[in-house]
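These notes concern the structure reproduced below.
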Amino acid sequence: MQQTFASARVSVPPSRAGPLTISLAAATLALLVAATAGGQTPAPQLTHSLAVPLTDSAKTRVDTDTKATDTAAAATKAAAALPKWFDELAVNAFVSTAYEYNSNRPTNGASSFRVFDFSDNSFNLDVAELVVQIAASKPNDAGFRVDFDAGNSIPQITKTQDQTAAQFDLKQAFASYIAPLGSGLRFDVGKFVTHLGYEVIEGYDGYNDNYSRSILFGYAIPFTHTGAKASYAFSSKVAGMVEVVNGWDLLRDNNRSKSVGAQLSLTPIAPLQVLLNWIGGPELANNNHSNRNVFDVVAILKPTSTLTLGLNGDYGKESGTSLVNPGSDATWKGIAGYATVALTNKFSVALRGETFRDEDGVRLGTGTNATL
């Protein structure tokens with residue numbers, strides 16, 4: 001973030017000196033010239049007493065210019081004294097707001113099985129976000145990122161399970177370092193958004209194509225993780241990431257086991273990108289044995305400059321947690337398709353279709369085999 005300093009210059013009114021003042025000024029100038037010619041230095045008291053009453057406006061102009069110069073010099077000195085990292089600091093903001101209406105008119109004022117758009121017949125502040133960061137972009141770079149989120153919708157859902165403040169969420173807060181190994185081995189430590197899924201949590205640098213979120217986004221995968229991850233680009237076509245985290249949406253682990261996640265990013269041809277994601281580990285409180293595994297596939301195809309197609313598939317399984325067949329494993333699965341057409345460089349139309357099946361009533365909390 002660059003800071004620019006400017007010094008204000010005060011305009012000075014025209015001189016109101018009359019003929020007498022001009023004559024005295026001329027006489028003073030003659031005396032000064034004569035004294036200098038004689039090798040003498042004029043007495044400071046005499047020079048000051050004769051000069052002050054001559055032109056008040058001229059004195060004001062001199063004083064103003066001197067102050068402006070001093071201010072500019074002080075500002076330049078202060079800017080030079082700032083640490084180098086201050087120039088790399090970036091601050092960004094984002095706001096999302098809407099009016100939502102459900103024609104089913106739910107009696108409790110909330111739309112069932114919606115993710116962020118759950119309020120009925122209500123103006124809503126979804127989120128107001130402030131991001132402060134120093135981005136790490138090349139080997140030997142160190143940086144950090146902090147996302148402050150406030151609002152009535154997004155923070156209520158993305159907040160961690162062990163967090164009580166519903167209208168506020170520290171969505172991300174992590175430190176980064178890129179080790180000088182090959183193309184650069186990146187490390188992130190702290191809280192960060194999940195690597196799973198096609199859709200994203202809204203922010204200044206990531207916009208969801210649809211205002212609403214998919215069922216898969218809300219019920220098949222986590223939102224955030226707290227832990228450490230390492231990322232590496234093997235080439236322009238292959239990149240990978242591994243992470244060790246506390247689990248799903250937790251600041252502090254609820255058991256004595258960690259979860260492990262991974263991502264393999266493939267770009268076989270320029271218009272196509274495929275992401276293979278996984279996360280696994282015990283997620284239940286005080287339970288180190290009931291493992292939860294989710295496999296997530298994302299494919300993005302951009303056949304033309306105006307058309308983007310997307311596909312997202314999820315399969316999840318958790319041992320011994322079925323609510324339909326107690327003692328059996330719980331499973332869930334879903335698929336979503338996306339199409340976005342850019343009408344101009346500022347407007348686009350997006351379409352999503354999906355189906356989600358919660359075979360053991362765990363993810364939707366219905367206790368029955370349900371399909372949305």
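Quick notes
- Selection from region 267-292 of residues that are of a type in the set (Ser, Thr, Tyr) and more than 19 Å from Gly313 (Cα to Cα): Ser290
- Gly334 vs. criteria crowded, with 17+ Cβ neighbours inside 10 Å, closer than 25 Å to Val242 by Cα and of a type in the set (Gly, Ala, Ser): yes
- Filter result (under 14 Å from the mean Cα position of the chain (by Cα) and either acidic (Asp, Glu) or closer than 19 Å to Asn208 by Cα (or both)) within region 156-171: Asp169, Lys171
- Top-ranked residue of region 129-153 - restricted to ones that are in a strand (DSSP E or B) and among the charged types (D, E, K, R), ranked as most open to solvent (accessible area, probe 1.4 Å): Arg145
- Of all the listed residues (Lys258, Lys191, Lys237), the sole one being crowded, with 21+ Cβ neighbours inside 10 Å and over 24 Å from Gly365 (Cβ atoms) is Lys191.
- Unmet requirement for Asn286, which otherwise passes all of (1) part of a strand (DSSP E or B); (2) modelled with pLDDT under 95: (1)
- From the options Tyr207, Tyr198, residue that is at pLDDT below 95, among the hydroxyl-bearing types (Ser, Thr, Tyr) and within 19 Å of the chain's Cα centre (by Cα): Tyr207
- Test: Asn108 is open to solvent by 20 Å² or more (accessible area, probe 1.4 Å), out of contact with any helix residue (DSSP H, G or I) (no Cβ under 6 Å at 6 or more places or on another chain) and under 21 Å from Tyr219 (Cβ atoms): yes
- When Asp126 is tested against (1) part of a strand (DSSP E or B); (2) open to solvent by 70 Å² or more (accessible area, probe 1.4 Å), exactly one condition is not met: (2).
- Check on Asp296, open to solvent by less than 30 Å² (accessible area, probe 1.4 Å), under 21 Å from Asp358 (Cα atoms), in a loop (DSSP other than H, G, I, E, B) and charged (D, E, K, R): no
- Scanning region 147-188 for residues being in contact with a Ser or Thr (Cβ under 6 Å, 6 or more places away or on another chain) and at pLDDT 95 or above gives a total of 2.
- Tally of residues being open to solvent by 20 Å² or more (accessible area, probe 1.4 Å) and not in a strand (DSSP E or B) across region 307-329: 10
- Identity of the residue in region 75-105, hydroxyl-bearing (Ser, Thr, Tyr) and closer than 30 Å to Ser137 by Cα, that ends up least open to solvent (accessible area, probe 1.4 Å): Ser96
- Within region 341-372, if we keep just the residues that are hydrophobic (A, V, I, L, M, F, W, C), within 30 Å of Ser290 (Cα to Cα) and within 33 Å of the chain's Cα centre (by Cα), the residue that is least open to solvent (accessible area, probe 1.4 Å) turns out to be Phe356.
- Residue ranges of strands (runs of 3 or more DSSP E) in region 159-269 with at least 2 members charged (D, E, K, R): 168-179, 185-193
The values are calculated or read from the model by the stated rules, or taken from the named source; none is laboratory data. Since the model is a prediction, treat every value here as computed from it, not as a measurement. Every residue, glycine as well, gets a Cβ built from its backbone with ideal geometry; the counts of neighbours run over all protein chains shown. The area values use the complete protein model at the heavy-atom level, side chains included, leaving out ligands, DNA and RNA. Shrake-Rupley method; radii C 1.70, N 1.55, O 1.52, S 1.80 Å.
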